[in-house]
Amino acid sequence: MPQEGMSLGIASMMNEATKQKVLARLRKIAGQVDGVARMVEQDRYCVDVLLQVASAQGALGEAGKLVLCSHVETCVSSAMASGKPAARKQKLDELMQVFSRYGCMGNR
């Protein structure tokens with residue numbers, strides 16, 4: 001049985017441009033989260049902290065959308081084109097897991 005993240009022989013990865021976009025967003029998010037921690041340490045007003053938490057969550061959702069789009073464009077599309085029923089089924093099962101867990105991604 002393949003490990004999580006394995007592709008049943010289909011070698012597709014995120015392209016370099018998308019990877020750099022995701023990494024840039026994640027670095028920015030890390031800065032946001034550090035800022036929220038400082039706000040808590042400084043006993044800032046709860047609503048201000050909550051607004052910053054919501055902002056960081058939204059930013060994570062956007063980073064997740066980039067990864068999901070890349071996954072569909074590369075891994076899923078490659079599995080569908082491969083003609084291998086096991087690869088197609090695995091990718092569809094993975095997508096269903098992602099959608100059931102993160103289906104509300106970006107729905108605010």
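Just so you know, all these numbers are worked out from the coordinates, no wet-lab data involved. Model, not experiment: these values are computed from the prediction. Every residue, glycine among them, receives a Cβ derived from its backbone with ideal geometry; neighbour counts consider all protein chains shown.
Laid out as a table, the results:
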| quantity | calculated |
| --- | --- |
| In Hz, Karplus ³J(HN,Hα) per residue of the range 31-46 (6.51, -1.76, 1.60; θ = phi - 60°; x = Gly, Pro) | x, 4, 5, 4, x, 5, 4, 5, 4, 5, 4, 8, 6, 5, 4, 3 |
| Local net charge near PRO85, Cβ-Cβ under 13 Å (Lys/Arg +1, Asp/Glu -1) | +3 |
| Order of TYR102, TYR45 - criterion: other Cβ atoms within 10 Å of each residue's Cβ, fewest first | TYR45, TYR102 |
| Options MET39, VAL67, ALA87, ranked by Cα towards positive dipole end of the range 16-102, top entry (Cβ charges) | ALA87 |
| Compactness of the range 49-108 as Cα Rg over 2.2 N^0.38 Å, two decimals | 1.39 |
